[in-house]
Each structure stands twice: as C-alpha cells, then as structure tokens.
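Scroll down for the structure; my scribbles are underneath it.
The values are calculated or read from the model by the stated rules, or taken from the named source; none is laboratory data. These numbers were taken from a predicted model, which means no experiment stands behind them. When we count neighbours, we look across all protein chains shown, and the Cβ atoms used for this are built from the backbone with ideal geometry, even at glycine. With ligands, DNA and RNA removed, areas are computed over all heavy atoms of the protein, side chains included. Shrake-Rupley method; radii C 1.70, N 1.55, O 1.52, S 1.80 Å.
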Amino acid sequence: MLSNIRIVLVQTYHPGNIGASARAMKTMGLENLVLVNPRCFPDPEASRLAAGAEDVVDNARVVGSLAEAVDDCVQVVGASARLRSLPLPHFDEPAEMADALMANAADDPVALVFGRERFGLTNDEIRHCSHQVSIPANPDYGILNLSQAVQVLAYEVFRAWRQRPGSDFRAPRPSHDRQPTREQLGHFHDHLSRVMQASGFITQPHARTEEQLQALFARARPSRKELSLLRGLLSSLEDGLDDA
Ligand code: SAH
C-alpha cells in the first residue's frame, strides 16, 4: 500500500533538500521518490543529508516532466502553501488528504507533488494534479522548508496507514469504483476538445473553456467505468458528425 505512494519533487534547487526529503520519507515508511529535472543530482550533499536513507536517494527516478512522473497515477495531490487560481478540489486538512490518498493507494499508484524552493509549482504543473493540499500554518509565515513539508505530509500518510480499517488482505476494488489514471483522464479531455471543435461548439482550442471543463470533471471524479461511457458517447457523436 505504501509502495503505491510516490513523492515527486519538482526541479529542486538544493540537493541537500533532496536528501533531507528522502530521510523524511524513510522515517514514515515511504521509499518511492521521483525527481523532475533536479538542478544538481546525484550530488554528495543529497547523500549526506539523507543520513540513513541513502537507499531512497540512490533508487530515486529522474524524469524530464511532471506528466512523466504522474501519468499512471489515479490521484495526484499538489502541495502548495498558497491557494491558486485553478479551481481544483482542495484539502485544507492534511489528515483528510492522507485518508483519501490511502484509499486510492490500496489499488493504484498515487502521488504527492512538491514544488521548487523559490516559486513552488507553476499553474501548468498544478494542471497535472487532481487535488491540492495546504499545511495549515502561521498566516504571517506559513511557508515550510521543502523537506519539512514532505515530513508533515509523509507523517499524515503514515498515520492514515496505521489507522487504516480492516486487514491488508482484502479484495481489490471493482473497476466501477476505481479512479482513472491521469493519462486516461488526459485522453478523455483531448477527445472532448476534438469533439467540441468538430461540432463547431468552439472554433479553435480554447484554454478557458477546457480549464473549466477540467475543473468540472476533477470535482465529479468519474470512475474508470463512467469515463469509458463518456468516451463511447463522444465517439458516437464523432461518427454522427462524420456522416453529416
Ligand atoms: N516560495 C514557494 C514555496 C516554496 S516551499 C511558493 O511561494 O510557492 C517548497 C515547497 O514546499 C512548496 O512548493 C510546497 O510543495 C511545499 N510547501 C511549503 N510550505 C507548504 C505549506 N504550508 N503547505 C503545503 N505545502 C507547502
């Protein structure tokens, strides 16, 4: 279950923060670290601050984009001190986030995403998330050091894991309950945009409309089964347009 939980650090500037995050993870039973374009890695400073968690650093996967890091995940939670303009579902309580994440991690990969030390996550990166979470903190000084933010959220995940109901041995969730991966959701939105253009609803790609629809489906949280129903509907509309 914990192995389905991935920690993603986006473009970390200080290699020491990578090591300290690895240590924070390992203390809470998390080992799956993905680095998106780190400035300087591998680096002795990362290993030094990892203390006993060099294995987490050594096994970290380095990728070139956030999409690559999270496309196979069914839930992607972006950690952010500030509320962004994008209307994604937002967890004000890390504990609630961890309970939801743990439920999804029983069957599928999920990710917690952390931004750069200087300016956090870009709006485009937040678009790759399904949810956001903030750690409640001093309104006058509420931004934590990157690895300390990892520690707080990793602790909540570990707490949710310890308190999970039932035993480890339970039947997998049926597919009508399971959330689609980010990649499956991305294909759906591409399909929707194609049909909106082909039908004349929009005449060219229209970011604002697409964003609003993405927010709508992020709130609705369609299951895999519902998403394939919508894909079927879009395909039949497309066929109708071709025949017209
Ligand atoms: N200066 C950046 C914050 C950088 S802190 C900004 O203004 O956005 C580095 C990362 O730690 C953030 O991107 C976020 O992922 C995490 N973080 C720091 N404080 C946090 C908080 N209070 N709640 C949630 N995440 C936080």
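Observations
- The condition of being away from the ligand (no atom under 13 Å from the Cβ), of a type in the set (A, V, I, L, M) and either assigned by TED's automatic domain parsing to the domain that holds Ala215 or in contact with a strand residue (DSSP E or B) (Cβ under 6 Å, 6 or more places away or on another chain) (or both) holds for only one of Leu101, Leu49, Leu66, Leu112, that being Leu101.
- For Phe201, the conditions (1) more than 19 Å from the chain's Cα centre (by Cα); (2) outside any loop (DSSP other than H, G, I, E, B) are fulfilled apart from (2).
- Count of residues meeting criterion [touching a Leu at 6+ places or on another chain (Cβ under 7 Å), crowded, with 18+ Cβ neighbours inside 10 Å and not in a strand (DSSP E or B)] in the stretch 102-117: 1
- Selection within the stretch 121-133 - open to solvent by 20 Å² or more (accessible area, probe 1.4 Å) and either within 7 Å of the ligand (Cβ to nearest atom) or of a type outside the set (S, T, N, Q) (or both): Asp124, Glu125, Arg127, His128
Here's the yes/no breakdown for (1) open to solvent by 50 Å² or more (accessible area, probe 1.4 Å); (2) within 24 Å of Ala22 (Cβ to Cβ); (3) not in a loop (DSSP other than H, G, I, E, B):
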| position | (1), (2), (3) |
| --- | --- |
| Glu45 | yes, yes, yes |
| Val56 | no, yes, yes |
| Cys73 | no, yes, no |
| Ala98 | no, yes, yes |
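- Across the stretch 144-157, a minimum of one residue is classified as at pLDDT 95 or above, in a loop (DSSP other than H, G, I, E, B) and either within 12 Å of the ligand (Cβ to nearest atom) or open to solvent by 10 Å² or more (accessible area, probe 1.4 Å) (or both).
- Where Asp107 falls short, out of the listed (1) out of contact with any helix residue (DSSP H, G or I) (no Cβ under 7 Å at 6 or more places or on another chain); (2) within 13 Å of the ligand (Cβ to nearest atom): (2)
- Residues that are touching a residue at least 40 places away in the same chain (Cβ under 8 Å) and within 17 Å of the chain's Cα centre (by Cα), drawn from the stretch 22-57: Met25, Leu30, Val34
- Odd one out for Pro222, checked against (1) part of a helix (DSSP H, G or I); (2) at pLDDT 90 or above: (1)
- Test: Ala50 is within 18 Å of Val152 (Cβ to Cβ) and part of a helix (DSSP H, G or I): no
- If only residues of the stretch 24-43 that are in contact with a Phe, Trp or Tyr (Cβ under 9 Å, 6 or more places away or on another chain) and of a type in the set (A, V, I, L, M) are counted, the one that is most open to solvent (accessible area, probe 1.4 Å) is Met28.
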